[in-house]
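The structure under discussion appears below in the form of structure tokens.
The values are calculated or read from the model by the stated rules, or taken from the named source; none is laboratory data. In this text the structure is predicted, and so the values were computed from the model without any measurement. A quick note on method: Cβ atoms are made from the backbone with ideal geometry, for glycine too, and the neighbour counts reach across all protein chains shown.
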Ligand SMILES: Nc1nc2c(c(=O)[nH]1)N[C@H]1C(S)=C(S)[C@@H](COP(=O)(O)OP(=O)(O)OC[C@H]3O[C@@H](n4cnc5c(=O)[nH]c(N)nc54)[C@H](O)[C@@H]3O)O[C@H]1N2
Ligand SMILES: Nc1nc2c(c(=O)[nH]1)N[C@H]1C(S)=C(S)[C@@H](COP(=O)(O)OP(=O)(O)OC[C@H]3O[C@@H](n4cnc5c(=O)[nH]c(N)nc54)[C@H](O)[C@@H]3O)O[C@H]1N2
Ligand code: SF4
Ligand SMILES: [Mo]
């Protein structure tokens, strides 16, 4: 049997995977034993890769909508059709009337994949690129950069005190489970902040259970204790921070007793947590990937976390917040070709760039309204690659209406999804085992300095890697001079040039090449990459844009006193399920067997108030809409809170959510601080 080692892509973490082939066919997969991240382990999703790749439900040919039905067409015909329509949109309405939205699988293709795809948009001339970052983790990246000038990660493995804040790695981040468990074995204290009693909460030294959306107040309460009890690092604060005195004044008002009233956490537990975090060194906060972002305080929550980390002197140290050296690629995009900003950026400029650092995409939460109202200008065509907005973007009905009114919708996916069903052209995509891509970001997100290649292992006829489609389309539209590469591998070599690495070199290494270093004490050499060179506790940048320069607590704007009587329960959505990735993988029998149906979690006290029993069907209703779902009654959730999973077509939680931007700074939606009512049905 031949074995090829690659990186799994059925969730963001990229576990090392050994793929076993017999006569060119994948027969099984195993975790790569000596991979620095997963050390041989694969989660049930990873183990299901052969079923995923060989699923009978895969799209096998491009499809075109004709009289309401889909008819198969060849790739040649599909490329002709798409290039003609794009040309016509460009000629008649201007290039900005094309929008391109990408999902997580493209983002997981790394900076080179995303930039190569966006290079097409730059050449075509549309600034209107979007991605699921609008819903996901972008606010915290902006927040860390505004505060620390960089995006560090928590070095849990070497920590002596870990705060796991709105994160349930057993479901969403299996490789982190081993790292936290190993720290606990080495004596680390663990504090969990989560309205649910997650597996780690049950093993924690302290579990704080905030009401959803109250984390801003909690962080101010923690800062209050750290400062009033002199538990901060005075030397670091004096030399390396800006705005500490304003912070001291600002948090004076947030006594643990006041925070208890807002967040429903006993004041004594807030004191205990602050004392533990302030007195044990090194300490770190591992925050949820988006659990704290999807609130009106989305960006400010992460500002507070960066400040907690900084004033306790836990920056650039083993066991604190660490940064690995970045992989610097050849520039791929042509920002100079764009004459306008993307949609949403007038309202959320920091979503686009911070101090000249370009993230380069629009805020997608604004897009459905723009599509529906043709304002500020019409968007006539849309290409969606590797995303299923009909289930994953908030307010599904609005998203559906918006997509339906585009003149030309192309969806590229591995399967016929809810979104693909609305398309004029559907394109069959390759899975991650059928393409080569550079994973230049795992070092940054795991704090392990390495760079790796996701390798092409097999070919599935007719299914194209996404970039192959974009490259071929570029050629078809006459942009060949900007896409001079023979194939994607050659384009990756171009991107890699400044690093001295090549695809060939990376191919020889099973699990990536050590690359760069962890930048301990980086600030001592260079200061912080902020305008002041210090940690910006007080942000002049936010102030200049009319936002609060210090982290604040603000109630969810969905909380309105006149509605509170009718929608009295907190609704949080999208806590992950180990078996599934967003709306994906429901068709894989062995995963479905482990987790056959969606359910709403609610506490026995809440259930009895509404006379709902375990296993009953219940209706959950918000001001937007209602869905029916099974009740799962458990002590593991805070009374008064309902938790709903996302990604299920049969109980689509995003029928209940609003895409109205909730965070005034980043535009993040309020997926975890909403309100609902329930009844048995
Ligand atoms: N299996 C699986 N893994 C995934 C994904 C997937 O779909 N499936 N998706 C991937 C992606 S793209 C992302 S962004 C990440 C998401 O990763 P995370 O955002 O870290 O999601 P979870 O680990 O589910 O943890 C969220 C936790 O936050 C808690 N929570 C809910 N509301 C609040 C609140 O207001 N305050 C606090 N403090 N806690 C709250 C929930 O109870 C839950 O336990 O997961 C990634 N990994
Ligand atoms: N209510 C609520 N909604 C949420 C969240 C929440 O917490 N609550 N979380 C949000 C978050 S953090 C995220 S990141 C988004 C995720 O949003 P999406 O990215 O839309 O999530 P998926 O359902 O994984 O959709 C990915 C699609 O790409 C297809 N696909 C897989 N691999 C490839 C490939 O290589 N090429 C192509 N072309 N297609 C491929 C899959 O079949 C699938 O249909 O969901 C968000 N939605
Ligand atoms: S945690 Fe599971 S799905 Fe995610 S990369 Fe690892 S094996 Fe793949
Ligand atoms: Mo995400």
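When only residues in the stretch 291-335 that are within 16 Å of ligand 4 (Cβ to nearest atom) and out of contact with any helix residue (DSSP H, G or I) (no Cβ under 8 Å at 6 or more places or on another chain) count, which is nearest to residue 119 (Cα to Cα)?
Top of the filtered list is 294.
Do we have any residue at all in the stretch 439-453 that's within 22 Å of residue 117 (Cβ to Cβ), at pLDDT 95 or above and more than 16 Å from ligand 4 (Cβ to nearest atom)?
no
Against the definition (buried (at least 20 other Cβ atoms within 10 Å of the Cβ), within 16 Å of ligand 2 (Cβ to nearest atom) and modelled with pLDDT of 95 or more), how does residue 169 come out, yes or no?
So residue 169 fits the description; yes.
Mind checking whether some residue in the stretch 355-371 is more than 30 Å from residue 573 (Cα to Cα), buried (at least 22 other Cβ atoms within 10 Å of the Cβ) and touching a residue at least 12 places away in the same chain (Cβ under 8 Å)?
No, the stretch 355-371 contains no residue that is more than 30 Å from residue 573 (Cα to Cα), buried (at least 22 other Cβ atoms within 10 Å of the Cβ) and touching a residue at least 12 places away in the same chain (Cβ under 8 Å).
How about the stretch 27-57: which of its residues are within 16 Å of ligand 2 (Cβ to nearest atom), over 24 Å from the mean Cα position of the chain (by Cα), surrounded by 15 or more Cβ atoms within 10 Å (Cβ to Cβ) and within 13 Å of residue 457 (Cβ to Cβ)?
Listed by number, the list holds a single entry, 50.
Only helices (runs of 4 or more DSSP H) wholly contained in the stretch 1-111 count here; list those with 2 or more residues that are within 16 Å of ligand 4 (Cβ to nearest atom) and in the same structural domain as residue 410 (by TED's automatic domain parsing).
Once the helices (runs of 4 or more DSSP H) in the stretch 1-111 are filtered for at least 2 residues that are within 16 Å of ligand 4 (Cβ to nearest atom) and in the same structural domain as residue 410 (by TED's automatic domain parsing), what remains is 104-107.
If I filter the stretch 157-166 down to residues being away from ligand 2 (no atom under 15 Å from the Cβ) and in a loop (DSSP other than H, G, I, E, B), which single residue comes out as nearest to residue 291 (Cα to Cα)?
159
Give the residue, chosen from 349, 428, 342, 389, that is modelled with pLDDT of 95 or more and out of contact with any strand residue (DSSP E or B) (no Cβ under 9 Å at 6 or more places or on another chain).
349
When you scan the stretch 209-230, do you find a residue that is away from ligand 2 (no atom under 16 Å from the Cβ), over 27 Å from residue 549 (Cα atoms) and either outside any loop (DSSP other than H, G, I, E, B) or in contact (Cβ under 8 Å) with a residue 12 or more places away in the chain (or both), even just one?
Within the stretch 209-230, one or more residues are away from ligand 2 (no atom under 16 Å from the Cβ), over 27 Å from residue 549 (Cα atoms) and either outside any loop (DSSP other than H, G, I, E, B) or in contact (Cβ under 8 Å) with a residue 12 or more places away in the chain (or both).
Mind counting the residues in the stretch 181-202 that are in contact with a strand residue (DSSP E or B) (Cβ under 6 Å, 6 or more places away or on another chain) and within 12 Å of ligand 1 (Cβ to nearest atom)?
Final tally of qualifying residues: 7.
I want to confirm something. Restricting to the stretch 176-195 and keeping residues that are surrounded by fewer than 21 Cβ atoms within 10 Å (Cβ to Cβ) and touching a residue at least 40 places away in the same chain (Cβ under 8 Å), which single residue is nearest to residue 579 (Cα to Cα)?
178
Would the stretch 515-531 turn up any residue that is touching a strand residue (DSSP E or B) at 6+ places or on another chain (Cβ under 7 Å), over 18 Å from residue 308 (Cβ atoms) and not in a loop (DSSP other than H, G, I, E, B)?
Looking through the stretch 515-531, at least one residue is touching a strand residue (DSSP E or B) at 6+ places or on another chain (Cβ under 7 Å), over 18 Å from residue 308 (Cβ atoms) and not in a loop (DSSP other than H, G, I, E, B).
Which pairs do you get when a residue that is closer than 15 Å to residue 142 by Cβ, found in the stretch 546-558, comes within reach of a residue that is part of a loop (DSSP other than H, G, I, E, B), reach meaning Cβ atoms under 6 angstrom, with the pair 6+ apart or on two chains?
Close Cβ pairs (under 6 Å, with a partner that is part of a loop (DSSP other than H, G, I, E, B)) amount to 547/665; 549/538; 549/539.
Among the numbered criteria (1) outside any loop (DSSP other than H, G, I, E, B); (2) over 15 Å from residue 134 (Cβ atoms); (3) without any contact (Cβ under 8 Å) to a residue 40 or more places away in the chain, which single criterion is violated by residue 310?
So residue 310 meets the others, but not (3).
What single numbered condition from (1) on the phi > 0 side of the Ramachandran plot; (2) touching a strand residue (DSSP E or B) at 6+ places or on another chain (Cβ under 7 Å) fails to hold for residue 230?
(2)
crowded, with 24+ Cβ neighbours inside 10 Å, at pLDDT 95 or above, part of a helix (DSSP H, G or I) and more than 16 Å from ligand 2 (Cβ to nearest atom): does that describe residue 299?
no
So is residue 351 within 16 Å of ligand 4 (Cβ to nearest atom), buried (at least 24 other Cβ atoms within 10 Å of the Cβ) and either over 18 Å from residue 655 (Cβ atoms) or in the same structural domain as residue 584 (by TED's automatic domain parsing) (or both) or not?
For residue 351, the condition - within 16 Å of ligand 4 (Cβ to nearest atom), buried (at least 24 other Cβ atoms within 10 Å of the Cβ) and either over 18 Å from residue 655 (Cβ atoms) or in the same structural domain as residue 584 (by TED's automatic domain parsing) (or both) - is met.
Would you say residue 598 is within 21 Å of residue 197 (Cα to Cα), in contact with a strand residue (DSSP E or B) (Cβ under 9 Å, 6 or more places away or on another chain), more than 16 Å from ligand 3 (Cβ to nearest atom) and not assigned by TED's automatic domain parsing to the domain that holds residue 390?
yes
Select the strands (runs of 3 or more DSSP E) contained entirely in the stretch 567-678, then report the ones holding at least 2 residues which are surrounded by fewer than 18 Cβ atoms within 10 Å (Cβ to Cβ).
Correct list: 617-621, 626-633.
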